[in-house]
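Let me begin by presenting the structure, written as structure tokens, before commenting on it.
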Amino acid sequence: MDFMKIQILAIGMLILGAYTGGVIAKKIKLGETVGQILGGMLVGPHFWVLIHNWATTKETFIDASFFENFEYMYTHGFKTYGLVIEESHFFVFFFLGLIAFSLGEELHFDRLKQMGMKPTIICLTQAMLAWISITLVFYKIFHFPMINSAIIGSIGIATAPALTFILMNKLKVGGKLKNILANIVVLDDIIEVIFFSVFLGIAVMMQNGEHLSFGHLAFEVVKEFFFAILIGVVIFFLLKFTVKPKKADESDGLEIEVESFYGPMPSIELFFIISGIIAVGSAVALHFNLPFLVMAVVAGTLVSNFHYHAIFHSLQLGNVMPALNLFFFALIGASVKLETFSSETFVFVLGYLLVRGSAKLIGTWLGCYITGQEKEIRNSLPKLMLPQAGMAAVETILVATVLKNNGGDVIFNTIIPALVIFEIGGAWISERTLISWNKFLGEKYKSHKKKKHFAIEDIVGNIWEFKANNKEDT
């Protein structure tokens, strides 16, 4: 009974802490995500461990009348409170599965053809430079185990586009810059998921004491990917036969009637079906130590190309996803082990910030130069690749859970503080960059108005060409 009461208390504290932190952060323009993480941190058990340790060194508090009650509450309740937070990490696996599945929406074959090779080259250049640089620094300079360094490097690839796109909408930025960035960050996250899944799988095998020759390692990786893909195919067929859209008339608008359940699409009913099937598939993959992120991406890709693309709209419900995001970031904040921070951890955080930031800036600029992008794109795009939060945060807490006794805590305490800085600093840099981009376009427009004739080649560089192959694309 006591454990259940503390479970209910923990959920309430996480929700209230993260919501309050998010509201305050938005008002001071710090970033809602950062506020939710900080709010979760303040109501989390590790913050109160620091408060307790500090209070027990002060004679004023020890002699106070309330100290005895405070000490009793700490010794009898806070350990259970911390255990409840730790056991809530199952939500991270569930949430990450949904995120990975939703990436499949961007992997429609027609959309990949429209991307062309230029965004792919830019993305691969910055992604590989980031992974190699971070991995080498943590392995050679900080003396992390090679596999842990590779995991940190793979997490460093990820970019958080949400903040940048919100700013783009706010500042009414569009055209070529926005579309290049959209294509890059999608491919960037896919590369990151594959790298992360491979290296985390290797780390788990090493943790279990398995023999790791190159041949054995290659066989195990191929085997695990094969069965993960197989589970993804099974999930695709489950969704294909579970959700059968009827033919819609042109007058039906955005809502599509579905045969297999009541209500239009998108809907909360379809969200339940998708999340339930993905959760079961993730559990099966985790049971057999398979890369469940690969499973989810495969399922999403198959649905995007061979079933009904509008299924993904039910993962963007306005009243559902913000609640899941809030609870997730609250859990991230509450899991930050503040009592383990040290000067050594600070050096790791600083190293991650400097190496990832430099690699993203240099790699993106180099990719733009190789593909012949104009000067304004070369100057603007690299700065928009700095923000990092969602996917990286989910994977970091996943590492801390799976590799708890093999460096997972150190990785967590290195990356989470860096993510907060990348989110805050990235927001400021992105806003300044987009304001400069708008100023450039405004000046270019004024120069066009002064001309006596209109030249189509003057604006073609700022428009991204799309071809509509079907009604849905149009």
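The values are calculated or read from the model by the stated rules, or taken from the named source; none is laboratory data. Here the structure is a predicted model, which means the values were calculated and not measured. Counting neighbours? That spans all protein chains shown, and the Cβs are built from the backbone with ideal geometry, glycine included.
A few comments on the model shown:
- Pair list, Cβ under 9 Å, 6 or more apart: the range 295-311 residue closer than 18 Å to residue 187 by Cβ, other residue outside any helix (DSSP H, G or I): 301/108; 304/108; 305/108
- Within the range 365-384, the residues that satisfy the criterion of being in a helix (DSSP H, G or I) and of a type in the set (Gly, Ala, Ser) are 367, 380.
- Scanning the range 236-277 for residues that are more than 12 Å from residue 314 (Cβ to Cβ) and of a type in the set (Val, Ile, Thr), we see that the one that is modelled with the lowest pLDDT is 242.
- Output for the range 294-336, where each listed residue is more than 23 Å from residue 34 (Cβ to Cβ), part of a helix (DSSP H, G or I), among the hydroxyl-bearing types (Ser, Thr, Tyr) and at pLDDT below 80: 314
- Members of the range 92-117 that are farther than 17 Å from residue 194 by Cα and either of a type in the set (A, V, I, L, M) or modelled with pLDDT of 85 or more (or both): 92, 94, 112, 115, 117
- Note on the range 75-141: enclosed helices (runs of 4 or more DSSP H) holding 1 or more residues that are in contact with a Lys or Arg (Cβ under 7 Å, 6 or more places away or on another chain) and buried (at least 20 other Cβ atoms within 10 Å of the Cβ) are 118-136.
- Here is the figure for the range 30-61: residues that are in contact (Cβ under 8 Å) with a residue 40 or more places away in the chain and not hydrophobic (A, V, I, L, M, F, W, C) total 9.
- The listed residues are 28, 37, 15, and the only one of them that is surrounded by fewer than 20 Cβ atoms within 10 Å (Cβ to Cβ) and either under 16 Å from residue 327 (Cβ atoms) or at pLDDT 90 or above (or both) turns out to be 15.
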